[in-house]
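To start, the structure under review is shown below, and the notes come after it.
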Amino acid sequence: MNGPWYEEGPSALWAPYCQMKTAPAPLPVVATRGCRITLADGRELIDGVASWWSACHGYNHPHILDRVQAQLSVMPHVMFGGLVHEPASVLARRLLAIAPGAMSRVFFSDSGSTAVEVALKIALQYHKNLGRSGRDRFVCFSDGYHGDTLGAMSVSDPEASMHRAFRDVVTKHLVVDLPRDSQAVRSLDAFLGANAGRIAGMIIEPLVQGAGGMRFHSAETLAAVRELASRHGILFIADEIATGFWRTGSRFACDQAAVVPDLLCLGKALTGGVIGMGATLATDAVFQAFLSDDPELALMHGPTFMANPLACAAANASLDLFETEPRAGQVSAIEATLREGLAECRRLPGVVDVRVKGAIGVVQLEPGIDVRAMRPRFIERGVWARPFKDIIYLTPSFVISQDELDRLTRAAREVVAGT
Ligand SMILES: *Cc1c(COP(=O)(O)O)cnc(C)c1O
């Protein structure tokens, strides 16, 4: 108890996504505000990541803090089995009102990964409840990522993902490439036709595959795979945990392809990045398959902290902000600035691609370049960025100022150029 907490020697913590033996110590952070992260030594970083693109309204937005504080003094939590409360009831209705198509039910859980687990369970049991046995596999896509829990890992790319170590342990699903032309769509159609009897669902990150390397695909590809899923009686699961809430330039990425999923997973920006929460939305057709006099047909799932009132309050406040503040316009302005600010990187050695969609900017480098080594060079420039795999990416908060965003893109140019 002599020095400050962060000087107390080897930490008691096990940090995420890193080799604890060699990883540099994490930076002690003491406060956040707007698009800034304040470190213990007083340095302030401009946040280029928005806390894994969840803090879409910036940190400490007064409206969210106010609504969460009000909820805190009334009812921080109560179990959801046999009880219901206003923040959850209101939030569910509001999510259904903005979701693509006509979804009809919302199942709340704790995180993005659990929202995916719930979707997978629902899809498996849906077919079982309808008396279709043998539909116990999922179609998923190379470079896909759906979370870190076992079920979510099993539908992530088994070879290219960070979960490679588990590829022989998890259930093996049908991993296919995203069909990027009509020839590929026809082959996938044939593949699904031959295997439909054992496929429960197809899961996809619409338009942008995030943790798999910020890979983009077209609205045509998204619409085509949705159509194939319908044709073969396969439930279509849109994992919009990263893409939802305007990150790709529309409220949901599915909206750009007029795609309506059977199941929709939400997380990350759902609460404005303030508290962990996941939601799995289902269509009425899916929900109906669970209604029966037979208790065996019920969905047996119920996290202890399901529909946590503080998380619901944060999510409701976040939805208020999407209604009252000009987020759509901010995202298109960010898109324009990212395009302009990153374009120059194309000419730099080692760069293989520069791409921008909505408030996502990506500079992809040649394989073999150590992008992690670039992390400290961003910090030297007062910027928080976390290059991984073969990419540098910027996913700022939507409230970022022009000046702050310019500093992010300038840092990216300088770091890539090695200056
Ligand atoms: C982050 C993410 C998840 C997992 O969400 P957690 O809240 O980290 O469990 C799942 N799918 C996608 C597409 C994600 O980006």
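The values are calculated or read from the model by the stated rules, or taken from the named source; none is laboratory data. Keep in mind that this is a model prediction, so the values were computed, not measured. All Cβ positions, glycine included, derive from the backbone under ideal geometry; neighbour counts span all protein chains shown.
In the stretch 158-182, the residues that are modelled with pLDDT under 85 reach residues that are among the basic types (Lys, Arg) with C-beta atoms within less than 7 angstrom, at least six apart or across chains, in these pairs: Glu159/Arg167. Taken over the stretch 193-252, the criterion of being away from the ligand (no atom under 16 Å from the Cβ), among the hydroxyl-bearing types (Ser, Thr, Tyr) and touching a residue at least 12 places away in the same chain (Cβ under 8 Å) is satisfied by Ser218, Thr221, Ser250. Scanning the stretch 388-405 for residues that are among the charged types (D, E, K, R) and either in contact with a strand residue (DSSP E or B) (Cβ under 7 Å, 6 or more places away or on another chain) or farther than 10 Å from Ile46 by Cβ (or both) yields Lys389, Asp390, Glu404.
Residues checked against (1) within 16 Å of the ligand (Cβ to nearest atom); (2) in the same structural domain as Gly302 (by TED's automatic domain parsing); (3) not in a helix (DSSP H, G or I):
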site	(1), (2), (3)
Arg67	no, yes, no
Ser89	no, yes, no
Arg93	no, yes, no
Phe108	yes, yes, yes
Ser113	yes, yes, no
His127	no, yes, no
Asp148	yes, yes, yes
Gly151	yes, yes, no
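The set of residues in the stretch 384-419 that are at pLDDT 95 or above and of a type in the set (S, T, N, Q) comprises Thr395, Ser397, Ser401, Gln402, Thr409.
In this structure, is Gly278 more than 16 Å from the ligand (Cβ to nearest atom), under 22 Å from Glu86 (Cα atoms), in contact with a Phe, Trp or Tyr (Cβ under 8 Å, 6 or more places away or on another chain) and of a type outside the set (Val, Ile, Thr)?
Spelling it out, it is not the case that Gly278 is more than 16 Å from the ligand (Cβ to nearest atom), under 22 Å from Glu86 (Cα atoms), in contact with a Phe, Trp or Tyr (Cβ under 8 Å, 6 or more places away or on another chain) and of a type outside the set (Val, Ile, Thr).
In the stretch 322-332, is there at least one residue being part of a strand (DSSP E or B) and at pLDDT 95 or above?
No, the stretch 322-332 contains no residue that is part of a strand (DSSP E or B) and at pLDDT 95 or above.
Pairs linking a residue in the stretch 335-353 that is assigned to a helix (DSSP H, G or I) to a residue that is exposed (fewer than 13 other Cβ atoms within 10 Å of the Cβ), with Cβ atoms under 9 Å and 6 or more positions apart or on different chains, are Thr337/Gln402. The set of residues in the stretch 129-143 being crowded, with 24+ Cβ neighbours inside 10 Å and either away from the ligand (no atom under 12 Å from the Cβ) or assigned to a loop (DSSP other than H, G, I, E, B) (or both) consists of Phe138, Val139.
Any chance the stretch 86-93 includes a residue that's acidic (Asp, Glu) and closer than 18 Å to Leu319 by Cα?
Taking the stretch 86-93 first, the residues acidic (Asp, Glu) are 86.
From what's left, closer than 18 Å to Leu319 by Cα: 86.
Taking every residue of the stretch 86-93 in turn, at least one turns out to be acidic (Asp, Glu) and closer than 18 Å to Leu319 by Cα.
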